[in-house]
Amino acid sequence: MQRNGLFIAQLLFTLLVCAFMFVPVVLSVMAGFTANYIRGFSSGLTLRWLFEVWGLYKDAIGLSLVIALACLAVTLIVGVPTAYFLAKANHWTTRLVEELLVTPLAVPGLAIALGLIITYGGIREFRSHWTFILVGHVLYTLPFMVRSVLAVLSSIDLKTLEEGAASLGASYWQRFFTIGLPNARSGIVAGALMVLTLSVGEFNITWMLHTPINKTVPVGLADSYASMRIEIGSAYTTVFLLMIVPLLLLIQYIAEPARPSRAKAAVVPQPAGST
Amino acid sequence: MTAHSIGVPVRLRACAKTFRDGTRALEPLDLSIQGGETLVLLGPSGCGKTTALRIIAGLESPDPGGRVFFGDDEVTGVPIEKRKVGMVFQSYALFPNLNVADNISYGLKVRRVEEGERRRRVESMLQMMHLAPLRERRIDQLSGGQKQRVALARALAVQPRVLLMDEPLTALDAKLREELRLEINALLRSLRITTVYVTHDQSEAMALGDRIVVMSHGRVAQIGAPREVYHRPASAFVANFIGTTNRLDGQPDEGWLVLPGGRLKLPESFVGGGTAYFRPEDAAILDEVQSPPEGALAGTVSAVSFLGDRMRLLVEGVASEPVIIEADPRRELRVGDRIRLGIEPRRLLGLRSDS
C-alpha cells in the first residue's frame, strides 16, 4: 500500500531525529550509573558516582538553583513591566528600546562577561560575590522574558482593553494587575521557563565570571569532564536533569489554574424575574 | 430595572484637538447634550467624530482652552477612570481572562461596590440583556452580537453618568446589526441615559438619534433631529451623506429651472441658483396624459433594481447626471423605457455647495 510506505518512511525519519536528540543524553545518563564505563554494563550499575558528585558539588548545585531563581525573580520584576510598557507605548523610541534589549543576544557571552569584568571587576566584594554571576545571567536572559511577554501582549488589543478597564474606573495599577498581567500569563510562563533553563544551563558567561567558591553546575560539569573520571561527568548530567525538570514542572503547575470557567451547560434555568 | 433616572447633560466648550504630528482632528467644537438625550455623531472616517467622543470620555484631552462639563462639574482635567462614563467599543474590548459575569462585574469590583449589591446588579444586567444563560461563558465562546451585549451590560452596570458608544455595531453583519440596533434603541429610550453614539452609518444615526451631529473635516456640518437633517439638509455634503440625493444642474429662468429633460417650477424664494437637489422618493412617475403645472422631466430608464418593498430606477437624460428615483415595485418598467417625472416645487432643495 502506498500510504503505508510513506507512513513507514515518516516514522523512520521521526525515530531517527528522536534518536539523534535523545541517544546521547540517555547514554550519558547511563554512563553515570555504570560502575566502569570502559567495561560497560557488565561491570554493574551503581549510584556511587551520583553520590560522589553530590558530595563534591552540592554547593554548585545549590548556587545554580539560587542564581536561576534569583534571575527569574529579577527578569519577572524588570522584564514584565518593561514588556507591558513597550506594548502600550507606540513610539519609535520604544522600538529602539526593544531592539537594544536584544543586543546581548548578538554579543557572545564571553564578551558580555569580559565587559562586566572590565567595568565592575575592580569592586572586589562584588567581583567575588555570586550576584556578579547573577548580573551576567540577567543581562543574557532578560530579552527572552521581555520578548516572550511582549509577543503575547502585542497579539491582543491591549490598548483598547485598557481603555475599557479605565472607563470602568480602574486605575493604572488596577489595570496592570487585573488586565495586563492575566492576559500576559502565557507569555510570562513561556518566558519563565526559558529564563530558568537558560540560567541553569548557562556556561559562557558563568565560566568567565565564576570564582573557585562560586561555581554553577555547568562550570562544575566542564571541570569534572576535564579532570575526573567520565563516570562522574556523566552522573553530573543526571544531577542536571534532576534539577531542571522538577523546576520546569513546578512553573507549569503554578501557571496552570485561573482560566475563566468553561460553560458547564448552555442551558441554565433562568430564575424568574424582570426582563 | 436599575433606576438610572435622567442622565446628566454634557457640554463641550471650544474643544479642539491637534495631534502631536500637527494634524488638526477637530476644530473648536461647542456642543450641548441634554440630560437623557441620545446624540449621534455622524460622518465619514476622519471627520473628527471619534476624537470628539474620546474627548468626552477623557481618553483624549482637548487643546488648551477647551472645556468639558458633565452637568455642573467641569471634568476637563479628570482622567477617564474618574469620569463615571460607560464606554462601548467597536472591538468590544471584553476581557478575555474573565467570563461573561465577571466582565460585567469588573467595574463594580474596581469601584469596590459591596458584594451583595454587586451580585444584584450583575444579575439584573444579565436579565436585561438576555445574557443569563451565558453568564459562565468565556468571551471567546460568544458570537459578535452576544459580545456587544456583554459590553453594553458591562458599561451600564456601573450606572455611568454618560454612555459613550464608538461604532458599536460596525463589526457585526447586517441582520444582526439591525436586530441589535432595535434592542439598543429600546434600551436607550427606557433608560433615558445621556448617550453619545458615534457611527458612519446614516441609517443607524437616524434610527437611534434624538439629534444627529453631521461632521466633516473636523467641523460640524449640521446639528438637528433626524427628520430635520434629512429633509432640510444644511449643505450639499449633508444631503449627500444622509440618504441619496440627486443633483439637477440647469438654468434658472424666472422661477423655473430649465434642464435637458424639460422644465421644473422652482419654489418661491429659491436660493440654489441653477442647482436643485431632490430625494429619490420625491419624484413621481407621471402617466402619459398628465401634464402638471409644475412641469415635468423626460428621461430613459437605464437601470432597474428591484428591492422587494420598493424599486430603484436610474434615469438618464433628465439632467447632465443620471438621477435615482424610487418607484412602485409593482410597476412594470424595463431598461430603455421612456418615462416622465414630476417633482413638487417644495421638494426641490436649494443648497449652498460647501467645501
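The values are calculated or read from the model by the stated rules, or taken from the named source; none is laboratory data. On a predicted model such as this, the values are computed, not experimentally measured, just so you know. Positions of Cβ are generated from backbone atoms using ideal geometry, with glycine treated the same way; all protein chains shown enter the neighbour counts.
Side notes on the structure shown:
- Residues of the stretch B:99-130 that are surrounded by fewer than 21 Cβ atoms within 10 Å (Cβ to Cβ), part of a loop (DSSP other than H, G, I, E, B) and within 11 Å of chain A (Cβ to nearest Cβ): B:R111, B:R112, B:V113, B:H130.
- Residue among A:I205, A:I179 that alone is crowded, with 23+ Cβ neighbours inside 10 Å and closer than 24 Å to A:P108 by Cβ: A:I205
- Any hit, the stretch B:149-165, residues being at the interface with chain A (Cβ under 9 Å from one of its Cβ atoms) and more than 22 Å from A:T178 (Cα to Cα): yes
- Complete set of residues in the stretch A:189-233 that are more than 21 Å from A:M145 (Cβ to Cβ), touching a residue at least 24 places away in the same chain (Cβ under 8 Å) and not in a helix (DSSP H, G or I): A:H210, A:T211, A:I213, A:N214, A:K215, A:R229
- Test set (1) surrounded by fewer than 19 Cβ atoms within 10 Å (Cβ to Cβ); (2) at pLDDT below 90 - A:S171 fails condition number: (2)
- Qualifying residue in the stretch A:113-126 (condition: surrounded by 15 or more Cβ atoms within 10 Å (Cβ to Cβ), closer than 28 Å to B:L152 by Cβ and not polar (S, T, N, Q)): no
- Selected residue (only one of B:G273, B:G261 is within 23 Å of B:E332 (Cβ to Cβ) and touching a residue at least 40 places away in the same chain (Cβ under 8 Å)): B:G261
- Selection of the stretch B:11-29 for residues being under 19 Å from the mean Cα position of the chain (by Cα) and either closer than 20 Å to B:V162 by Cα or loosely packed, with under 14 Cβ neighbours inside 10 Å (or both) yields only B:L29.
- Residue check, B:S320 in a loop (DSSP other than H, G, I, E, B), farther than 27 Å from B:R227 by Cβ and not aromatic (F, W, Y): yes
- In the stretch B:63-89, the residues that are farther than 15 Å from B:A52 by Cα, within 14 Å of chain A (Cβ to nearest Cβ), touching a residue at least 40 places away in the same chain (Cβ under 8 Å) and in a loop (DSSP other than H, G, I, E, B): B:R83, B:K84
- Residue count for the stretch A:120-140 under the criterion of being over 23 Å from the mean Cα position of the chain (by Cα) and either closer than 13 Å to A:A70 by Cβ or aromatic (F, W, Y) (or both): the result is 2.
- Residue check, B:R11 closer than 29 Å to B:H217 by Cβ, away from chain A (no Cβ under 14 Å), touching a residue at least 24 places away in the same chain (Cβ under 8 Å) and touching a Phe, Trp or Tyr at 6+ places or on another chain (Cβ under 6 Å): yes
- Members of the stretch B:260-290 that are part of a loop (DSSP other than H, G, I, E, B) and either over 21 Å from B:V301 (Cβ atoms) or among the β-branched types (V, I, T) (or both): B:L266, B:P267, B:E268, B:S269, B:F270, B:V271, B:G272, B:G273, B:G274, B:V289
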